[in-house]
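Only one structure is covered here, and it is reproduced in the block below.
The values are calculated or read from the model by the stated rules, or taken from the named source; none is laboratory data. Because the structure is predicted, anything quoted here is derived from the model rather than measured. Ideal geometry is used to build each Cβ from the backbone, glycine not excepted, and the neighbour counts take in all protein chains shown.
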Amino acid sequence: MQIQNSKIILTGGSLGIGKATAQLLIEKGAKVVITGRNQERLQKAADEIGALPLVFDISDYESIPFKTQEAIDLLGGVDCIINNAGIGTFSLLGEIEIAQFEKVFSTNVFGLTMFTQEIIKHFVNQDKGSIINLASTAGVKGFARGTVYAASKFALRGITQCWQGELRKHNIRVCLVNPSEVTTAFGTQDGVERAEEVSKLRPMEIAHTIASVLEMDDRGFIPEVTVWATNPK
């Protein structure tokens with residue numbers, strides 16, 4: 001895919017991996033819509049990196065059709081979506097409530113799927129497109145307190161493999177990206193970015209991975225890529 005002049009929708013673009021990825025793609029010449037729930041934070045990020053902001057809560061299922069169309073109208077089309085929006089909750093078995101599953105899956109699985117389903121109509125019509133799903137190493141191996149979050153990312157891994165099977169005939173590439181621990185605001189109560197740590201990944205490592213996946217010639221695609229910190233402490 002040629003990133004130059006491409007039209008990309010990236011969910012969860014206010015902070016962290018989403019913001020870093022949008023910034024890199026814009027620097028490479030793409031036109032990018034970033035979405036998020038917090039209007040002030042979204043606008044600030046858009047102003048900083050040159051993105052088009054769209055307030056959009058992907059867990060609000062009823063809004064998905066018209067918000068998706070609004071994003072496409074802002075771009076004048078769509079070549080790629082990056083499903084980055086995600087949330088997590090981390091409780092031990094014995095403390096888990098059904099509401100935690102409902103909240104996390106509404107964003108990480110259900111909303112993501114319904115949004116992608118709207119986009120697929122356009123990709124099939126133009127006989128091309130790229131989908132990047134942001135999962136996690138938690139979608140490859142579980143961990144203590146990870147029941148709800150890991151379940152959502154294992155589900156996304158399976159979903160991605162199903163889409164690969166369904167969409168290859170339409171020249172639609174689907175890739176799953178699994179970051180290990182990244183210094184972002186993910187999991188914090190205040191939404192403030194954590195300071196960088198030498199032993200952990202930065203958002204830019206994941207942004208670089210996503211850009212590299214997209215830049216492969218359209219005759220090939222990378223089904224899944226996992227990014228680990230070299231020397232975690």
So which of Leu24, Leu42 is within 17 Å of the chain's Cα centre (by Cα), farther than 29 Å from Arg219 by Cα and assigned to a helix (DSSP H, G or I)?
Leu42
The range 207-221, residues that are among the aliphatic types (A, V, I, L, M) and closer than 17 Å to Ile172 by Cβ:
Ile210, Val213, Leu214, Met216
Look at the range 81-113 and say how many of its residues are small (Gly, Ala, Ser), buried (at least 17 other Cβ atoms within 10 Å of the Cβ) and assigned to a helix (DSSP H, G or I).
2
Residue selected from the range 59-80 under the condition touching a residue at least 60 places away in the same chain (Cβ under 8 Å) and out of contact with any Gly (no Cβ under 8 Å at 6 or more places or on another chain), by the criterion surrounded by the most Cβ atoms within 10 Å (Cβ to Cβ)
Ala71
When the range 28-39 is examined, which residues are found to be part of a loop (DSSP other than H, G, I, E, B) and either within 18 Å of Thr107 (Cβ to Cβ) or under 15 Å from the mean Cα position of the chain (by Cα) (or both)?
Arg37, Asn38
Can you find, within the range 1-21, the residue that is surrounded by the most Cβ atoms within 10 Å (Cβ to Cβ) among those that are hydrophobic (A, V, I, L, M, F, W, C) and either assigned to a loop (DSSP other than H, G, I, E, B) or over 14 Å from the mean Cα position of the chain (by Cα) (or both)?
Leu15
Here is a list: Gly220, Gly191. Which entry is modelled with pLDDT under 65, more than 21 Å from Gly139 (Cα to Cα) and of a type in the set (Gly, Ala, Ser)?
Gly191
Filtering the range 44-64 for residues that are of a type outside the set (A, V, I, L, M) and more than 16 Å from Ser106 (Cα to Cα) leaves a count of 5
Filter result for the condition that a residue is within 25 Å of Trp163 (Cα to Cα), at pLDDT 95 or above, crowded, with 19+ Cβ neighbours inside 10 Å and of a type outside the set (Asp, Glu), over Thr116, Thr137:
Thr116
Here are some residues: Asn84, Asn38, Asn108. Which one is in contact with a helix residue (DSSP H, G or I) (Cβ under 6 Å, 6 or more places away or on another chain) and touching a residue at least 60 places away in the same chain (Cβ under 8 Å)?
Asn84
Among Ile210, Ile159, the single one that is at pLDDT 95 or above, crowded, with 21+ Cβ neighbours inside 10 Å and within 30 Å of Phe66 (Cα to Cα) is Ile210
Flag for Lys153 being in a helix (DSSP H, G or I) and in contact with a strand residue (DSSP E or B) (Cβ under 9 Å, 6 or more places away or on another chain)
yes
